[in-house]
Every structure is written in structure tokens, then in C-alpha cells.
Amino acid sequence: MIGREIKLGRTRHGLSQDALGRPIGFSGSKVGRIERGQAPKLTVADAILLLASVGLDLFLKTVPAGEPVRDTRHTSLLARLARLLHVTLGWALEVPLPISGDRRAWDALISGPGWRVGVEAEMHPNDRQALERKIALKQRDGGVQSVILLLARTEANRQFLRANEPELLARFPMSGRDVLADLRAGRQPRGNAIVFL
């Protein structure tokens, strides 16, 4: 698609491939390969440069694309919580919300008889409002009785909690220790909580 846009812009301005490429250090044949989609190693920087040369901007947007790629620290954080659960409790990773076509998922889901707890694991939260909004919407739509915000035990995360304590405690009023005690005993947690592991 980028190649087609470059070609359209080039021809609209009456430029040859050589004339377009020369000022930015590209050969005409390289411009031709890019226009035909035969340049698999086209960098974003080169695409921006070529598009700008024909009066176009490159616009990028993210869209949900399925299961996220988790790094080993994120996976390890979730595994630490899983090891603390009573053997009678269910544990599942990347559980989609129960809405057809909704691509959101809980990082993990803990289940007991007649109840479910959503788990959102965060390594480096930095935007409290966005985090709260995301969790509130998932809790509303996600078929769970409560939510655990699982944070890595780091000084940066402790500072994040201290800086946002009143607001976060309004959404997560239960003590993390109490919720862990409930889960170790196989009991349903009595509300939302922040758990550091």
C-alpha cells in the first residue's frame, strides 16, 4: 500500500523514479522496488522520507491483533500468583471477555464455585486514569465478581501506588494480604484488591 501511495504521489507530481530518489540518496531502481512492494526491508524512516517527498504523511494506528506477546517477567508474575492459589480453584490465562467480537481478555481468571475473579497484571503502570478506566470497563463487561490488580514488587510500582493511593484505594479497597489469604484458603475474595508479588 505504501508503494502504491508513493507511486501515485510521484506521478501526480510528474517525477521519474530517479528524480524522486536522487535527492534522498535512493536509486531509481530502489524506488521502483518500493513502489512494486518488492522491498521487504523498507524501514519506517525510509517510507516517511519517500512519502514526504511526494507531499504525503505516514499515519500509523494500532488495532487489537489477538493474544499479546508476554515477556518473561510478566509471565513469571502471573505464575507467582498461580502458585499461591488453593488447589480447588481454577486458573486460566488470557481469558476473553464473554462478549461476541470483543477482543479484550483478562490476563488471568481465577474461578471458584459460582464466582470468578479477573486478574490484570501490570509491570510498569504509569497512567492511573487509563488503568482505572480499562479495569472498570472490563469489570463491567467481563463477568467477574471482583478484580485483582497484580503489580510487580518494584520500587517504581510502590511509588506509583503512593502517588495515586486515594484514587486507587477507592477502586481497590480490599487488602492484598486479605485477598491472598482468601485465595490460599479457596475462598471468594470479598472485593477488588491490589496485590504486590
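Taken together, the values in this text are just the output of simple stated rules run on the coordinates, not laboratory data. Remember, predicted model here, so these are calculated numbers, not experimental data. Counting neighbours? That spans all protein chains shown, and the Cβs are built from the backbone with ideal geometry, glycine included.
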task: Identify, from the list L89, L85, L51, L81, the residue that is of a type in the set (A, V, I, L, M, F, W, C) and more than 30 Å from L149 (Cβ to Cβ).
output: L51
- request: List every residue pair whose Cβ atoms lie under 9 Å apart, where the two residues are 6 or more positions apart in sequence or sit on different chains, the first residue falls within the stretch 4-24 and is within 14 Å of A52 (Cα to Cα), and the second residue, located anywhere, is of a type in the set (S, T, Y) and surrounded by fewer than 18 Cβ atoms within 10 Å (Cβ to Cβ).
  value: R10/S16; G21/S27; G21/S29
statement: K134: passes all of (1) touching a helix residue (DSSP H, G or I) at 6+ places or on another chain (Cβ under 6 Å); (2) surrounded by fewer than 20 Cβ atoms within 10 Å (Cβ to Cβ) but (1)
query: Only one residue in E94, E122, E155 is within 15 Å of V195 (Cα to Cα), of a type outside the set (A, V, I, L, M) and surrounded by 13 or more Cβ atoms within 10 Å (Cβ to Cβ). Which one?
result: E122
field: Elements of type strands (runs of 3 or more DSSP E) contained in the stretch 108-197, each with 2 or more residues being within 18 Å of the chain's Cα centre (by Cα)
entry: 115-122, 146-151
query: When the stretch 25-58 is examined, which residues are found to be touching a helix residue (DSSP H, G or I) at 6+ places or on another chain (Cβ under 7 Å), assigned to a helix (DSSP H, G or I), of a type outside the set (G, A, S) and without any contact (Cβ under 8 Å) to a residue 24 or more places away in the chain?
result: K30
